[in-house]
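Notes follow once the structure below has been shown.
Bear in mind these aren't lab numbers, they're just calculated from the coordinates by the rules spelled out. Worth saying up front: this structure is predicted, and the values here are computed from it rather than measured. Cβ sites come from the backbone with ideal geometry, for glycine too, and all protein chains shown count toward neighbours.
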Amino acid sequence: MSKKPVIIFEGIEGSGKTLHSNFVSEYLKSKNLSFIKIREPGGSKNSEKIRKLILNDKSKFNKNTDLLLYLASRSENIHLLRKYKNKKIILIDRFVDSTIAYQHYGLGVNLSIINKINEYLLKGFKINFTFLNIVNTKNMIKRLKLRKKLNRYDKFSTAFYKNVQNGFIKLAKQKKKKYLIIDSNKEIEINKKIIIDKINRLIK
């Protein structure tokens, strides 16, 4: 019987995070393994409504409102995550560490506030493993230019994204055994193999 871990995909814009999470979901389908995949913000019906509000390029929220909207989205998802915990493999495109990387390291929101609200919402819900996709500025800009439409979080300064990525790397170093850094500047096929090899170890 396969294990049912909670697996997170993190990274800044243009890092290949969503590409890799989609690839993993296709791989699990090919193996007839039971899983759910959600994104943050988004996932559940109400959370998707909040996503549209956050990412709309006409929205202009202060950093505290942004934080609370992201956490409201998570609040709408947690019942779904609890429902399938240990019953299905759970794939999440962004989770708690994105909130810390973007809202604390990127926008300067107090870390203790973020942690306290997350603790209140999650109530012990544990993550098993995180893939962190990193990318250099040149490739990030190149990939963003290929997008048909940019949302509000695709339009920050390069300095902001550097701060966020450095924040992610700090988090990865704190949780070495539960993090794998994927260099998304490398060829996609190389990274796919690395990720699938790790996925197989996680689920068996």
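If Glu40 satisfies all but one of (1) under 17 Å from Tyr84 (Cβ atoms); (2) crowded, with 20+ Cβ neighbours inside 10 Å; (3) out of contact with any Lys or Arg (no Cβ under 7 Å at 6 or more places or on another chain), what's the number of the condition it fails?
Only one criterion is unmet by Glu40, namely (3).
Condition first: closer than 30 Å to Arg201 by Cα, in contact with a helix residue (DSSP H, G or I) (Cβ under 6 Å, 6 or more places away or on another chain) and not in a helix (DSSP H, G or I). Can you find one or more residues in the range 71-82 that meet it?
no
Quick one: what pairs do we get from the range 140-152, first residue surrounded by 12 or more Cβ atoms within 10 Å (Cβ to Cβ), second outside any loop (DSSP other than H, G, I, E, B), C-beta under 6 Å, 6+ apart or different chains?
As it stands, the answer is Leu144/Asp154; Asn151/Leu55; Arg152/Leu55, since those pairs meet every condition given.
Hey, can you tell me all the residues within the range 23-44 that are in a helix (DSSP H, G or I) and in contact (Cβ under 8 Å) with a residue 12 or more places away in the chain?
Hits for the range 23-44 are Phe23, Val24, Ser25, Tyr27, Leu28.
Within the range 95-120, count every residue that is more than 22 Å from Asn166 (Cα to Cα) and surrounded by 15 or more Cβ atoms within 10 Å (Cβ to Cβ).
So the count comes out to 1.
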